[in-house]
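Here is the structure we will look at, set down as structure tokens.
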Amino acid sequence: MESYEIVIIGGGPAGLAAAVSARKSGIEDIVILERDRELGGILNQCIHNGFGLHTFQEELTGPEYARRFVSQVEELGIEYRLNTMVMDISPEKTVTAMNREEGLFQLQAGAVILAMGCRERPRGALNIPGYRPAGIYSAGTAQRLVNMEGFLPGREVVILGSGDIGLIMARRMTLEGARVRGVAELMPYSGGLKRNIVQCLDDYGIPLKLSHTVVDIKGKERVEGVTLAQVDGQGKPVPGTEEFYPCDTLLLSVGLIPENELSRGMGVELNPVTSGPRVNESLETSIEGVFACGNVLHVHDLVDFVSEEAAAAGRYAAAYVKNTDKDSERRAGIRIKPGEGVRYTVPETIDPVRMEEKLPLRFRVDRVYENCYVSIYFENRRIFHKKRRVAAPGEMEEVGLERKELLKYPHLKEITVRIEEE
Amino acid sequence: MEIKNLTCINCPLGCAIKVEMDGETILHVKGNTCKRGEVYARREVTAPVRMVTSTVRVTGGTLPVLSVKTREPIPKEKIFACVQALKVIELLAPVHAGDVVLKNAADTGVDIVATKNVALVKS
Amino acid sequence: MYDIVIIGAGVSGAAIARELSRYQARICVVEKEEDVCCGTSKANSAIVHAGYDAVSGSLKAKLNVRGNERMESLAGELNFPFRRTGSLVLCFREADLPRLQALYDRGQTNGVSGLRILGREETLKLEPYVAEDVYASLYAPTAGLVCPFGLNIALAENACANGVEFKLQTEVRDIKRLGEGYELCTSQGSIHTKYVVNAAGLYGDVLHNMVSQEKIRLTARRGDYCLLDKEAGALVSRTIFPLPDERGKGILVTPTIHGNLLMGPTAIETEDKEGTNTTREGLDQVLAKAGRSVRELPARQIITSFAGLRAHAPGDDFIIREVEDAKGFIDCIGIESPGIASCPAIGEMTAELLREKMGLEEKAEFISTRKGILDPSTLCMEERNALIRENPAYGNLICRCEMISEGEILDAIHRPLGARSLDGIKRRTRAGMGRCQGGFCGPKVMEILARELGMDRLEVTKSGRASRMVTGINKEAL
């Protein structure tokens, strides 16, 4: 069986950044397995601009951002295999994959970096009643058809879900000749970035209907229209508020789920809130030597943070392979608890001995807060308290933790992150 | 005096900016958290501009369409003229990221460039 | 001039066609949809019922028990997925015990083997997620699960291989008596035949009424279903029913043959024979009633919901007989539950009726077996690699959720009665049937269909007719 020091599952932004950083940390023997026909992952279909402000201090389109990393992978001579689907990973890190040329083959990995990304929730996730005609697409599928294949899924469009992909697709469809009749959002706030509401909806006069959902889909063969209704505080449609929108297409942008079929198959422990693996400070999962980063770990809003997180995973995986981080017994580490107002944190535990000098603690809040404080407690002692003008579930929060600070508390068992209001 | 409320589109922060105007004259810009925000706000209330990204057809390439962008932001009212100008363009592979696809799109003085490589398909 | 025309290519029509294909006769199946298995047969519980539900002596009882017995060998011959998993009917109150006992007794009369009444403990031991206040249950070990598409398509393909002609997208608009036979006026011109089998599902009454003065009215009953992710598939390992009532068997919770979890159906009468839309009330009812039988149903794992219509006949039984005032016209209508379970026997019974009437003779060259689409996951690594070397398309994975390769999709398109649409591919291979519901593989399948069938991508449909997947190319409307 062929063996590699590090096998990276997925050649999207996370896999690419992890590969580059692992190589720069001195690992020669790396392979990226990518299921698509080219590296870059979902960035290839995100042809809009706005990527890379943090990483490159300039605004790039998705393909350009991907190119920066693909070039590095090529310059560094990192091996990759395209059109290759990973079928299974064993707990012993034997990776079974398949492509047309090599058939079904196995690789033995010293360390595995999971970077499979995420997928879109389908219509069933909202259990939207009505017919099941052609013309119902998840926004990402429509994005692929329009941006990579040149086909317009429909002419008259309603979009459900105001996450970034939904907003971006409202503009894309408009600029390719479709008429977008409106974007409905179940929540009383948008799940997307404010800038996207301005430049994707407001610029084109597309209405955003907050606290609205699709309650019926009409059309036996092709979509003929959808009925929108207002929802109450519990997300239940309010009778009498129904309004029919004739259209031939319904795009769904109703959430993303980390794609953890392989992780689950190998026995990696998952967090039910993120649907991603539980990881420690090293972005290492419950299986030693198996790391996770990017959208497979938790869904990000900005690719820049994916790259940053993946680079860290690459460094930690390199350290694991080089045996520099080994102390035979893994300490339990400090538990990070999501307190009031916090849905989850990544990582979930921190071993101050193994962590890098500075570690970004990432989390999401559970609703929109105005003029709140992000507080960090070491046991019951508040050691961090910072004002946020606005905190929203659609925008990931981050607090930096310093190793030297944590080492001052040798008996610390639990850190709590809380949102506190005035 | 008039106050225009804007959301800055420069970065994901999306700062809420207030621009105080007296007719055509800008008196104050408030609420931005960086210099770029002020530049955006001043432009937005006088002559708003946007980056445009789109696709054009390619023949003989590994992909049927190519992603493109305006090299710089163009006046907002020229967006549709700009994508319309792309409608008739059909390129031959190979194309390289940065190649000019359309010069001076819709008389904006701005070129449209490829944002991706499309290799020649090996026959 | 055909000897026999069968109207409808659902499970009944396909089973009849397959049984008749044993004989020397010119046979044709006409179907208004673009594929077989497009009506009631595609949207149901896919349960091979044991046979204790139907009134003893009824056709439903007789054909269900016989069909259940035949299903296993038929699955072997025609290579479609079937498994005996067993079923439980739950009873929650001591007061209802006589109703459970009555089901047991009826099962005995109907000839169902292995029935047992279980107490609470034993029920919970078999199915730990059954509601804890269960009082007793009726256990039927012979009940099973089938892939309804697999069954229907296998029957049709085998009939086709034995010389039965299939005319798809051919809607029968009128039927006229013509000498000793009939003239069918269809959307594709007229067809002449000596005998007609009316297996037209919900439209069975419409066709019957074209030739008979004894008018029949079938009632469409809609059943809403929710399908859950495979992650929830192991919650129960048998089909779980509540006690039946006059509207039917009630809302069940069952694993599917492919490992998902299915719950439903409702039983809502509708005037619209095409009304396969789910409703909020329907879906809420499914969740509420399924939740009464089984604990911890993870509603957030729903990947899709759908509704099917079943044709209910006035006498609450299947109608399989020659129409009295229309000689040579055989009704096979009112085939609602347990239609899937009964279809092997429906095929036998109808074919036998025609054999006697027409004096049909067996043909020597009848092929009794059919090979389904190869499932590479059943092969060992060496076998699979040999397959990929021979045909690299088997190394190209298209549907990530169900792990379906291009090789399987090509097979689905190019075999007899091959797939012509995304739904056709989905029903034959399961590509697009998984947790992302075609989000990833949809565009790829569209591309393969267009390439293989030599059509423009704009012509690719979800399920024929106007169900186009895309409406145009970028910027053409600008």
Discussion item. Looking at A:VAL226, A:VAL215 in this structure, which one is of a type in the set (A, V, I, L, M, F, W, C), assigned by TED's automatic domain parsing to the domain that holds A:SER162 and either within 22 Å of A:GLN143 (Cα to Cα) or in contact with a helix residue (DSSP H, G or I) (Cβ under 6 Å, 6 or more places away or on another chain) (or both)?
Written reply: A:VAL226
Worksheet item: Identify, please: which residue in region A:117-127 is part of a loop (DSSP other than H, G, I, E, B) and modelled with pLDDT under 95 and is, among those, nearest to the other protein chains (Cβ to nearest Cβ)?
Response: A:PRO122
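Might you let me know whether region A:86-103 holds any residue that is touching a residue at least 24 places away in the same chain (Cβ under 8 Å), at the interface with another protein chain (Cβ under 8 Å from one of its Cβ atoms) and either surrounded by 17 or more Cβ atoms within 10 Å (Cβ to Cβ) or within 20 Å of the chain's Cα centre (by Cα) (or both)?
Within region A:86-103, the subset touching a residue at least 24 places away in the same chain (Cβ under 8 Å) is A:86, A:88-91, A:93-95, A:97.
Going one step further and asking which of them are at the interface with another protein chain (Cβ under 8 Å from one of its Cβ atoms), we end up with none.
No, region A:86-103 has no match at all.
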Discussion item. Consider region A:201-237. How many of its residues are away from chain C (no Cβ under 13 Å) and free of Cβ contacts under 8 Å to residues at least 24 places away in the same chain?
Written reply: 6
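Find the helices (runs of 4 or more DSSP H) located wholly in region C:33-144 whose residues include 1 or more that are aliphatic (A, V, I, L, M), more than 30 Å from C:ARG465 (Cβ to Cβ) and touching a helix residue (DSSP H, G or I) at 6+ places or on another chain (Cβ under 9 Å), and list them. Quick ask: steps written out before the conclusion?
Details: elements: C:59-78, C:97-110, C:120-126.
Where helices (runs of 4 or more DSSP H) fall fully within region C:33-144 and carry at least 1 residues being aliphatic (A, V, I, L, M), more than 30 Å from C:ARG465 (Cβ to Cβ) and touching a helix residue (DSSP H, G or I) at 6+ places or on another chain (Cβ under 9 Å), they are C:59-78.
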Item to complete: Look through A:LEU126, A:LEU114 and report the one residue that is surrounded by fewer than 20 Cβ atoms within 10 Å (Cβ to Cβ) and not acidic (Asp, Glu).
Response: A:LEU126
Practice prompt. Please go through region C:271-315 and pick out each residue that is away from chain A (no Cβ under 13 Å) and over 27 Å from C:PHE92 (Cα atoms).
Written response: C:GLU271, C:ARG310, C:ALA311, C:HIS312, C:ALA313, C:PRO314, C:GLY315
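Of C:ILE404, C:ILE413, which residue is under 18 Å from C:PHE149 (Cα atoms) and touching a Ser or Thr at 6+ places or on another chain (Cβ under 9 Å)? Walk me through it before giving the result.
Details: C:ILE413 fails: touching a Ser or Thr at 6+ places or on another chain (Cβ under 9 Å).
Result of the check over C:ILE404, C:ILE413: C:ILE404.
Any idea which residue in region C:389-399 is farthest from the chain's Cα centre (by Cα), counting only those that are facing chain A (nearest Cβ under 7 Å) and under 14 Å from A:ASN83 (Cα atoms)?
Initially, region C:389-399 is screened for residues facing chain A (nearest Cβ under 7 Å), giving C:389, C:392, C:395-397.
In the following step, the residues that additionally are under 14 Å from A:ASN83 (Cα atoms) were identified as C:392, C:395-397.
Working: C:PRO392: 32, C:GLY395: 31, C:ASN396: 30, C:LEU397: 27 Å.
Ranking the candidates gives C:PRO392 first.
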Item to complete: Go through region C:220-241 and give me each residue that's closer than 18 Å to C:ARG310 by Cβ, away from every other protein chain (no Cβ under 13 Å) and either in a loop (DSSP other than H, G, I, E, B) or not β-branched (Val, Ile, Thr) (or both).
Response: C:ALA220, C:ARG221, C:GLY223, C:PHE241
Item to complete: Determine, yes or no, whether A:TYR189 is among the aromatic types (Phe, Trp, Tyr) and within 20 Å of A:VAL299 (Cβ to Cβ).
Response: yes
Discussion item. When the residues of region A:158-178 are narrowed to those that are in contact with a helix residue (DSSP H, G or I) (Cβ under 8 Å, 6 or more places away or on another chain) and within 17 Å of B:PHE80 (Cβ to Cβ), which ends up farthest from the other protein chains (Cβ to nearest Cβ)?
Written reply: A:ALA170
Worksheet, complete the sentence: Checked C:GLU336, C:GLU352, C:GLU324 against criteria (more than 19 Å from C:ILE216 (Cβ to Cβ) and of a type in the set (Asp, Glu)); the one match is C:GLU352
Practice prompt. Go through the residues of region A:93-113 one by one and say whether even a single one is within 14 Å of A:LEU160 (Cβ to Cβ) and of a type in the set (A, V, I, L, M).
Written response: no
Worksheet item: What about A:ARG132, is it touching a Gly at 6+ places or on another chain (Cβ under 9 Å) and within 14 Å of chain C (Cβ to nearest Cβ)?
Response: no
Item to complete: Kindly list the number of the only condition in (1) within 20 Å of A:LYS236 (Cα to Cα); (2) part of a strand (DSSP E or B) that fails for A:VAL180.
Response: (1)
Discussion item. Being modelled with pLDDT of 95 or more and surrounded by fewer than 15 Cβ atoms within 10 Å (Cβ to Cβ) is true for just one of B:THR59, B:THR46, B:THR70. Which residue is that?
Written reply: B:THR59
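Which residue, of C:ILE448, C:ILE425, is more than 7 Å from chain A (Cβ to nearest Cβ), among the aliphatic types (A, V, I, L, M) and buried (at least 24 other Cβ atoms within 10 Å of the Cβ)?
Values: C:ILE448 fails: buried (at least 24 other Cβ atoms within 10 Å of the Cβ).
Selected residue: C:ILE425, the only one of C:ILE448, C:ILE425 that is more than 7 Å from chain A (Cβ to nearest Cβ), among the aliphatic types (A, V, I, L, M) and buried (at least 24 other Cβ atoms within 10 Å of the Cβ).
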Fill in: Looking only at region A:63-85, and only at residues there that are under 25 Å from B:VAL65 (Cα atoms) and in a loop (DSSP other than H, G, I, E, B), the one that is farthest from the other protein chains (Cβ to nearest Cβ)
A:LEU82
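Across region A:382-407, what is the total count of residues that are basic (Lys, Arg) and surrounded by fewer than 12 Cβ atoms within 10 Å (Cβ to Cβ)? Quick ask: steps written out before the conclusion?
Step one: of region A:382-407, the residues basic (Lys, Arg) are A:382, A:386-389, A:403-404.
Of the ones still in play, those that are also surrounded by fewer than 12 Cβ atoms within 10 Å (Cβ to Cβ) are A:386-387, A:404.
Residues flagged as basic (Lys, Arg) and surrounded by fewer than 12 Cβ atoms within 10 Å (Cβ to Cβ) within region A:382-407 amount to 3.
Of B:VAL101, B:VAL45, which residue is within 14 Å of chain A (Cβ to nearest Cβ), assigned to a strand (DSSP E or B) and of a type in the set (A, V, I, L, M)? Talk me through it step by step, then tell me what you get.
On the way: B:VAL45 fails: assigned to a strand (DSSP E or B).
Among B:VAL101, B:VAL45, only B:VAL101 is within 14 Å of chain A (Cβ to nearest Cβ), assigned to a strand (DSSP E or B) and of a type in the set (A, V, I, L, M).
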Discussion item. Please verify whether A:GLY182 is away from chain B (no Cβ under 14 Å) and modelled with pLDDT of 95 or more, treating the condition exactly as stated.
Written reply: yes
Worksheet, complete the sentence: Of the conditions (1) part of a helix (DSSP H, G or I); (2) acidic (Asp, Glu); (3) within 14 Å of chain B (Cβ to nearest Cβ), the single one that A:GLU309 does not satisfy is (3)
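The values are calculated or read from the model by the stated rules, or taken from the named source; none is laboratory data. All of these numbers come straight from a predicted model, not from anything done at the bench. Cβ: placed from backbone, ideal geometry, glycine included. Neighbour counts: every protein chain shown.
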